[in-house]
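Peer 1: Sharing a structure, written as structure tokens. Questions coming.
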Amino acid sequence: MLLLSDMEYDLNAFREELDKPSASILHGLKELERINLIKKNFKRYSLSSKGVLCSASLKKLFKDLYIFEINRDFWLNHSIESIPRDSFRNTYLLKDSVFVESDEHNLSKSFTKYLELLSNCGNMEIILPIFLEEHLEIILENLENGDNLLLITNDEVLSSLRNSKYYDDLADFSKKGQVIIRKVDYDLKVFLTICDEFMSLSLFFKDGLFDNSCFILNEHSDGIKWAKILFEKFFEKSVRVI
């Protein structure tokens, strides 16, 4: 079907393209014709109207699956239950992502790279599932430079924030209209950062521990668009606390 999405084929062209015997190809073609996905006209095959729609859906599915294939270990080794299922329908938007990972020679490579990106972030939208002082110090520096923060977190992290030396500053920036903090009433297993220039996604191991050794980075508009769609789903289930 995907071959026919570009042009018509006859049996000889199918045989050359697929390197399969005629009998096997004809069997498949007859089945596709039977369910009205292709049509035959003077020994040439093309997609039916129904087939055009199915072919487009298949192409999108393969694009969506691509990000899982190139970063297979990242998705298989981490918990993805917190990511709404319908967000995976548009993972093709992450096609230009880069997998950033620490190694035995530089155990902090991933986290250092993230902090470097964050320090040049500008306006920030963050889903924060853990309390990190280094992270908050850079956020405050960005706020001092006039940037804005929209933060979604949970009760545990919010409690740590309120007991930290950073809370009064965050509250002051909130009064200035630069900071909005919202919370959800469930455990967050997604660490998502969105800026005008990039998005990053870190996840938890399946045993519940946060993995700071790797993250998905995307510096393209499509990747940022996917992250914003995901962020909005958490935003809808959150309430403002500051």
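Peer 1: Answer yes or no as to whether SER46 is among the small types (Gly, Ala, Ser) and either touching a Pro at 6+ places or on another chain (Cβ under 7 Å) or not in a strand (DSSP E or B) (or both).
Peer 2: In short, no.
Peer 1: Can you list residue pairs whose Cβ atoms sit under 8 Å apart, with the first residue in the range 12-30 being without any contact (Cβ under 8 Å) to a residue 60 or more places away in the chain and the second being assigned to a helix (DSSP H, G or I) and basic (Lys, Arg)? Count only pairs 6 or more apart in sequence or on different chains.
Peer 2: PRO21/ARG15; SER22/ARG15; ILE25/ARG15
Peer 1: Something else: Any idea which residue in the range 158-193 is farthest from ASN145 (Cα to Cα), counting only those that are of a type in the set (D, E, K, R) and surrounded by 18 or more Cβ atoms within 10 Å (Cβ to Cβ)?
Peer 2: LYS189
Peer 1: Same structure again: Quick check on the range 98-110: of everything there that is at pLDDT 90 or above and within 25 Å of GLY208 (Cβ to Cβ), which residue is surrounded by the fewest Cβ atoms within 10 Å (Cβ to Cβ)?
Peer 2: From the range 98-110, those at pLDDT 90 or above are 98-102, 109-110; that's our starting set.
Checking which are within 25 Å of GLY208 (Cβ to Cβ) leaves us with 99-102, 109-110.
On the way: PHE99: 13, VAL100: 19, GLU101: 16, SER102: 17, LYS109: 15, SER110: 22.
Checking each candidate, the answer is PHE99.
Peer 1: Residue by residue through the range 221-242, note down the ones that are assigned to a loop (DSSP other than H, G, I, E, B) and surrounded by 15 or more Cβ atoms within 10 Å (Cβ to Cβ).
Peer 2: Our first condition is that a residue be assigned to a loop (DSSP other than H, G, I, E, B); within the range 221-242, this holds for 237-238, 241-242.
Scanning the range 221-242 gives SER238, VAL241, ILE242.
Peer 1: Given (1) small (Gly, Ala, Ser); (2) modelled with pLDDT of 85 or more; (3) within 39 Å of the chain's Cα centre (by Cα), where does SER22 come up short, assuming only one miss?
Peer 2: If we test SER22 against (1) small (Gly, Ala, Ser); (2) modelled with pLDDT of 85 or more; (3) within 39 Å of the chain's Cα centre (by Cα), just (3) comes out false.
Peer 1: Only residues that are in contact with a helix residue (DSSP H, G or I) (Cβ under 6 Å, 6 or more places away or on another chain) and among the charged types (D, E, K, R): list them for the range 41-73, please.
Peer 2: LYS63, ASP64
Peer 1: On to the next question. Taking the conditions exactly as written (touching a Gly at 6+ places or on another chain (Cβ under 8 Å) and either free of Cβ contacts under 8 Å to residues at least 40 places away in the same chain or not in a helix (DSSP H, G or I) (or both)), does ASP96 satisfy them or not?
Peer 2: Here the answer is yes, as ASP96 does meet what is asked.
Peer 1: Another question, then. Filter the range 1-36 for residues that are part of a helix (DSSP H, G or I) and under 19 Å from SER49 (Cα atoms) and give the result. Spell out how you get there, then give the answer.
Peer 2: In the first step, residues of the range 1-36 are kept if they are part of a helix (DSSP H, G or I); the result is 3-5, 11-18, 22-34.
Answer for the range 1-36, where residues must be part of a helix (DSSP H, G or I) and under 19 Å from SER49 (Cα atoms): LEU3, LEU4, SER5, GLY28, LEU29, LYS30, GLU31, LEU32, GLU33, ARG34.
The values are calculated or read from the model by the stated rules, or taken from the named source; none is laboratory data. Model, not experiment: these values are computed from the prediction. Virtual Cβ from ideal backbone geometry, glycine too; neighbours counted across all protein chains shown.
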